[in-house]
Amino acid sequence: MSERTPAGATPARRGGGEVERAGGGGAAPARRSLFPAPGQGFGVTFGQMFKKVTTEQYPETPKVTKPRYHGRHVLNRHPDGLEKCVGCELCAWACPADAIYVEGGDNTEDERYSPGERYGRVYQINYLRCIFCGLCIEACPTRSLTMSNDFELADDNRADLIYTKEQLMAPLLPGMEAPPHAMRLGEDEKAYYVREPEAGSAAEPVTVERA
Ligand code: SF4
Ligand code: SF4
């Protein structure tokens with residue numbers, strides 16, 4: 001058996017041009033089979049031939065993910081259709097990949113998009129950068145931002161992988177009205193945040209329909 005190489009020392013050369021790695025011991029593991037190496041390799045191949053094959057029929061049969069799978073994001077709405085996003089940019093600051101861009105705008109009584117003072121006027125997520133860690137949804141104070149189970153995000157150009165607010169907004173469900181409009185659930189904006197989620201409201205998991 002060869003001697004170990006001290007940490008930081010130049011690795012020693014062994015016979016046949018093989019380099020002994022520091023700390024690796026250098027010795028080849030003892031052979032446990034009587035068969036030569038090629039025979040062992042073909043044995044693995046033959047063994048696989050008689051195992052049950054697992055074939056995913058994707059995309060004909062879409063893959064069903066786990067319920068908590070981190071897929072593409074959704075910007076949710078209140079039950080009257082107003083946007084939950086208040087343009088605070090906390091999600092953008094929390095993102096380790098710098099994948100979110102937000103510009104806030106001021107709501108007015110004539111043009112209201114969210115119950116707060118401000119709303120997300122511009123909202124973009126760059127899916128070339130996103131690592132689907134979920135830190136942005138943890139940072140969101142209004143539960144505006146959540147993640148769906150949609151994983152079909154491949155494309156062949158950069159522009160189509162920067163999703164805009166229009167692409168990320170949750171669809172309007174029955175009973176919702178597209179903003180801008182006045183607050184329908186009371187004039188106190190806090191009422192929007194303490195409401196219990198209603199069955200079928202945007203607080204329920206959103207299924208993203210693809211075009
Ligand atoms: S999931 Fe992670 S990487 Fe993707 S936008 Fe959110 S914080 Fe950034
Ligand atoms: S999604 Fe949430 S954290 Fe991001 S800007 Fe909107 S309200 Fe703020």
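Couple of notes before you dig in:
- Tally of residues being within 17 Å of the chain's Cα centre (by Cα) and more than 15 Å from ligand 1 (Cβ to nearest atom) across the range 150-168: 4
- For the range 67-77, the candidate set comprises residues that are touching a residue at least 40 places away in the same chain (Cβ under 8 Å) and in a loop (DSSP other than H, G, I, E, B); within that set, the residue that is farthest from ligand 1 (Cβ to nearest atom) is Pro67.
- Residue selected from the range 113-131 under the condition outside any loop (DSSP other than H, G, I, E, B) and surrounded by 19 or more Cβ atoms within 10 Å (Cβ to Cβ), by the criterion nearest to ligand 2 (Cβ to nearest atom): Gly120
- Candidate set: the range 78-103, residues that are over 18 Å from Leu128 (Cβ atoms) and within 15 Å of ligand 1 (Cβ to nearest atom); chosen: the one surrounded by the most Cβ atoms within 10 Å (Cβ to Cβ): Cys85
- The helices (runs of 4 or more DSSP H) located wholly in the range 132-207 that include 2 or more residues which are modelled with pLDDT under 95 and within 16 Å of ligand 2 (Cβ to nearest atom) occupy 190-194.
- Considering residues of the range 49-66 that are closer than 23 Å to Phe132 by Cβ and of a type in the set (Lys, Arg) only, the residue farthest from ligand 1 (Cβ to nearest atom): Lys63
- Condition met for Gly81 (modelled with pLDDT under 85 and on the phi > 0 side of the Ramachandran plot): no
- With respect to (1) within 12 Å of ligand 1 (Cβ to nearest atom); (2) out of contact with any helix residue (DSSP H, G or I) (no Cβ under 8 Å at 6 or more places or on another chain), the lone exception for Met147 is condition (2).
- Tyr101 aromatic (Phe, Trp, Tyr), outside any helix (DSSP H, G or I), within 16 Å of ligand 2 (Cβ to nearest atom) and within 18 Å of Tyr193 (Cβ to Cβ): no
- Here Trp93 fulfils each of the conditions (1) more than 10 Å from ligand 2 (Cβ to nearest atom); (2) not in a loop (DSSP other than H, G, I, E, B) apart from (1).
The values are calculated or read from the model by the stated rules, or taken from the named source; none is laboratory data. For clarity, every value in this text was computed on a predicted model and none was experimentally measured. All Cβ positions, glycine included, derive from the backbone under ideal geometry; neighbour counts span all protein chains shown.
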